[in-house]
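The values are calculated or read from the model by the stated rules, or taken from the named source; none is laboratory data. Remember, predicted model here, so these are calculated numbers, not experimental data. Glycine gets a Cβ as well: all are built from the backbone with ideal geometry, and neighbour counts include every protein chain shown.
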Amino acid sequence: MRKIVAILVGLTPFFIAPQPTFAHSFGKLYNLPVPFWMYLYGGVAAIVASFLVIGYFINKTNPSNNYPTINLSKFRFVTFLTSAWFLTVLKGISVFLFLLTIVAGFVGIDFPSFNIGMTLFWIIFALGLTYLTAFIGNIYALINPLKVGADVVEKILGEKIKGIVKYPERLGYYPALVFYFLFIWIELFAETGPLQLSMILVQYVMLNVLGVALVGKNAWFTYCEFFSVFFRLIGKMAPVECKRGKLFLRPPFVGLIKEKAEHFSLLLFILFMLSSTAFDGFRETTPFYRLYWQNLDDVFRPILGANSYETYQTLALFLSPFVFLSVYLLLIWLAKAVTNTKLSLRELSLQFAFSLIPIAFVYNVAHYYTLVVTEGSNMGRLISDPFGKNWNLFGTANWPNIPTVDTNFVWHSQVAFILLGHIVGVYIAHIIALKVFPSHKKALISQFPLLILMVIYTMAGLWILSQPITSGLE
Amino acid sequence: MKLNTPVLIIIGVIVLGGLFFVFKPKTQPQNSPSTPQSQTPTTQDSNGTDEILDLTNQKEVQMDIQDYAFQKPNIRIKVGTKVTWTNRDSVRHTATADDGSFDTGLLAQGESGSYVFTTPGTFGYYCIPHPNMRGTIIVEGDNQGSITESKNTFNLVIKEKKVISGPTTIKINQGDEVTIKITSDEAEEFHVHAYDNSVELEPNKQATLTFTANLSGRFPFELENSKTEIGALEVQPK
């Protein structure tokens, strides 16, 4: 095992850093800014909805930890879906698609929209699987191709991979957070082509091999592999859960109140889910551009030199979760102050962390979902010609693409998604408050700071969507 | 991690300060074509003068940007006149129309940007980094009636992969027929996203792209060969 590690460490000089061009890796958003009146309307609706949710709770007593479930496994079809045989097929498909993505980059045309690798990774996996996970639960935990690989190695070795060192648990999810940050950076700035994407994926595989060898399979896929962490968090919203090999239908979002964030890094991870999407929207807007050129250029240019605007963007992305964190801690602190609770600020901030997941999720959906339609509809064509070599394997090479989604529909759905996330966030925060604070009155009082928090996040999300976008100014 | 009150207060101040930056009142009117500047601007010009310089007899106007001011803040010109701004300051400036119809982009010291005014009207403009710097250009129609171009015709002049004259954001309504005339200093391909309309550009030769804008949304246009995004077409839905 040590030999393998040594070889892999020796290979690290081949790691390739993408050249940043400060443009999106893949997919162009064709959304127009939401009209200003719709932004105001959405904001007012958010506030009204918050009070309705609070009003609904006024006479509710503490909720029990129980919730109704329906055993889906009594249906033969579901039993088939959870059978070992079918799971193996799913894992096989997952590994196949992962390998296809990598191979496509090396053998296919180095032109993003004509190479299946890009659409598979950025659209089908990074966006599509995220949205699917919110409905069907954390399927990635079962079919993660990297984990499947580790499973196979375990089978061959005949023993569990425990790793060279024990994972220091107080590190929490910080490794995953670092990788997540790098991933978002590549997504937003690197404008990777298919070949570069494949090289990055190969590097990520090597990193996973190293990581699993170092800290063991379980710790690695719990704390370090960021997609595992990401999808686990998203999966908490799903109305489906798996217990003792059986599938149950449950009320949506209850997964968010079953447990709290166990480490501060997980809170940061959730905040980065929120802030990275917000940042991506914000940096395209005229206010972001003005903020820099009117207020910051004179400060930054002497320090950062010629690429100061680019460095500023990376810096802003890095700082974005901390801006959201400041707002969060400030209002959690206010909740602590008004309820006079003995619980520490840290404890409270971890208790309420999961109530932010719905908001992070709807930010993502509102911002990116049109890409799944406009870029995802290329899959018909790409399946027949995955490498851009003018093949027509299944006769679908000329399938049409859906170039745009109707703008009025996009606007209304974006506002509706943000509002839905807001209502769920307020609702979940309230249930958590009823669990955390013994007195019903305190729970109710604690809601007002949290309500302000959710309104701020929601208004920020809507505001970004409504801002004019800069073009051709750089 | 232990967080106490002072730390939180500091964080709060930082956040509120940041929000102030973002939400602070605009110091110049927003892109609102519906509120044209008055014929005789009385406020907001950087030199404190109301005088309008009559340059209707000139085909080309040279204007320096110096000491944080447009040196000929208020001018009257004829349709078809080319205005060139040259930055003499050490800091970077732009000349950007309030309604987005033209934008020189950031000009470093010694750099110039120009725009050919093809439609009559009154155009207020400012400098993006220094919005207090303002100017107004009154464009008079040609009596000969030689303006044959409709309101949905846009002229883009591209130099060194940048739009130096013409709008970087072309705003039209769904269903409009749009004509984009492009002149580039080098061979390129002009491409509008989603519409997938392209036109080959030969050096310093005007190329024309005409199509009906039946898709609504915001569609970047780019120089295809060098993958440089130079602007966007914003098609408002019906």
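So here's what we get for this one:
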{"read-out": "Which listed residue is on the phi > 0 side of the Ramachandran plot and in contact with a Lys or Arg (Cβ under 7 Å, 6 or more places away or on another chain), from A:Gly216, A:Gly255, A:Gly305", "value": "A:Gly216"}
{"read-out": "Qualifying residues in region A:261-301 (those that are part of a loop (DSSP other than H, G, I, E, B) and more than 12 Å from chain B (Cβ to nearest Cβ)) - the one surrounded by the most Cβ atoms within 10 Å (Cβ to Cβ)", "value": "A:Ala261"}
{"read-out": "Matching option when the condition is within 14 Å of chain B (Cβ to nearest Cβ) and in contact (Cβ under 8 Å) with a residue 60 or more places away in the chain, among A:Ile418, A:Ile428, A:Ile402, A:Ile464", "value": "A:Ile464"}
{"read-out": "Options B:Lys59, B:Lys78; residue that is more than 16 Å from the chain's Cα centre (by Cα), of a type in the set (D, E, K, R) and under 20 Å from B:Pro167 (Cα atoms)", "value": "B:Lys78"}
{"read-out": "Selection count where residues are surrounded by fewer than 23 Cβ atoms within 10 Å (Cβ to Cβ) and assigned to a loop (DSSP other than H, G, I, E, B), scope region B:76-99", "value": "11"}
{"read-out": "Residue within region A:34-42 that is within 13 Å of chain B (Cβ to nearest Cβ), in a loop (DSSP other than H, G, I, E, B) and at pLDDT 90 or above present", "value": "yes"}
{"read-out": "Some residue of region A:413-428 being polar (S, T, N, Q), at pLDDT 90 or above, in the same structural domain as A:Val362 (by TED's automatic domain parsing) and buried (at least 24 other Cβ atoms within 10 Å of the Cβ)", "value": "yes"}
{"read-out": "Some residue of region B:100-119 being part of a loop (DSSP other than H, G, I, E, B), under 12 Å from the mean Cα position of the chain (by Cα), assigned by TED's automatic domain parsing to the domain that holds B:Thr210 and not basic (Lys, Arg)", "value": "no"}
{"read-out": "Pair list, Cβ < 7 Å and 6+ apart or interchain, from region A:132-161 residues that are without any contact (Cβ under 8 Å) to a residue 60 or more places away in the chain to residues that are surrounded by 14 or more Cβ atoms within 10 Å (Cβ to Cβ) and assigned to a loop (DSSP other than H, G, I, E, B)", "value": "A:Val153/A:Ile161; A:Ile161/A:Gly216"}
{"read-out": "Considering residues of region B:203-225 that are outside any loop (DSSP other than H, G, I, E, B) and away from chain A (no Cβ under 11 Å) only, the residue farthest from B:Ile182 (Cα to Cα)", "value": "B:Thr212"}
{"read-out": "Residue check for B:Lys181: away from every other protein chain (no Cβ under 14 Å) and at pLDDT below 85", "value": "no"}
{"read-out": "Residue count for region A:293-323, restricted to those that are modelled with pLDDT of 85 or more and not β-branched (Val, Ile, Thr)", "value": "10"}
{"read-out": "Pick from region A:345-388, criterion among the hydrophobic types (A, V, I, L, M, F, W, C) and free of Cβ contacts under 8 Å to residues at least 60 places away in the same chain, ranking: nearest to the other protein chains (Cβ to nearest Cβ)", "value": "A:Leu345"}
{"read-out": "Hey, A:Lys236 modelled with pLDDT of 90 or more, of a type in the set (Lys, Arg) and over 30 Å from A:Thr79 (Cβ atoms) or not", "value": "no"}
{"read-out": "B:Val235 assigned to a strand (DSSP E or B), modelled with pLDDT under 90 and within 13 Å of another protein chain (Cβ to nearest Cβ)", "value": "no"}
{"read-out": "Evaluation of A:Ile164 against (1) within 26 Å of A:Ala278 (Cβ to Cβ); (2) among the β-branched types (Val, Ile, Thr); (3) in contact with a helix residue (DSSP H, G or I) (Cβ under 7 Å, 6 or more places away or on another chain) (one fails), failing number", "value": "(1)"}
{"read-out": "Checklist (1) assigned to a helix (DSSP H, G or I); (2) under 23 Å from A:Ala238 (Cα atoms) applied to A:Glu154, failing item", "value": "(2)"}
{"read-out": "Candidate set: region B:187-198, residues that are of a type outside the set (S, T, N, Q) and touching an Asp or Glu at 6+ places or on another chain (Cβ under 8 Å); chosen: the one nearest to B:Ser165 (Cα to Cα)", "value": "B:Phe190"}
